[in-house]
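These notes are about the structure you will find just below.
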Amino acid sequence: MRIVLQRVTRAAVEVEGHEVSRIGTGLLALVCIGSGDDAAVVDRAARKVAGLRLFEDAAGRMNLDLAGVGGEVLVVSQFTLLADTSRGRRPSFEGAAAGDV
């Protein structure tokens, strides 16, 4: 599993011109599930992301987690995060789980 996080004040996802999801303050998470990942791996990653202290407190220090700021998470599937570019010019995506997973 690979996750790329970005702090956001707002984020939205559109599919074919129609908004399917929107959040306010929180995290945009680009997530790729690997072919060997199971529910335990996903659960551990979700707990880790929720507990990361990535938001500023009143003193300007990054001491607050999602709950501390009342934040949300927008998760976007992104299989390309597990691309293998070690050989040639055509990346391999064999490490990513199948789309139906």
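The values are calculated or read from the model by the stated rules, or taken from the named source; none is laboratory data. Remember, it's a predicted structure, so these values are computed and weren't measured experimentally. All Cβ positions, glycine included, derive from the backbone under ideal geometry; neighbour counts span all protein chains shown. Protein only, heavy atoms only, side chains kept; ligands, DNA and RNA dropped before computing areas. Shrake-Rupley method; radii C 1.70, N 1.55, O 1.52, S 1.80 Å.
Kindly indicate whether Ala67 is under 17 Å from the mean Cα position of the chain (by Cα), farther than 20 Å from Asp100 by Cβ and loosely packed, with under 11 Cβ neighbours inside 10 Å. The answer is yes for Ala67. Among the criteria (1) in contact with a strand residue (DSSP E or B) (Cβ under 9 Å, 6 or more places away or on another chain); (2) open to solvent by 70 Å² or more (accessible area, probe 1.4 Å); (3) of a type in the set (D, E, K, R), the one Asp57 does not fulfil is (2). Of the residues making up the stretch 11-20, those that are hydrophobic (A, V, I, L, M, F, W, C) and open to solvent by 60 Å² or more (accessible area, probe 1.4 Å) are Val15, Val20.
Candidates are the residues of the stretch 70-98 that are assigned to a loop (DSSP other than H, G, I, E, B) and open to solvent by less than 50 Å² (accessible area, probe 1.4 Å); the one that is modelled with the highest pLDDT is Gly71. Applying the criterion of being of a type outside the set (A, V, I, L, M, F, W, C) and assigned to a helix (DSSP H, G or I) to the residues of the stretch 21-50, the residue that is most open to solvent (accessible area, probe 1.4 Å) is Arg47. Within the set Val8, Val101, the sole residue that is open to solvent by 90 Å² or more (accessible area, probe 1.4 Å) and aliphatic (A, V, I, L, M) turns out to be Val101.
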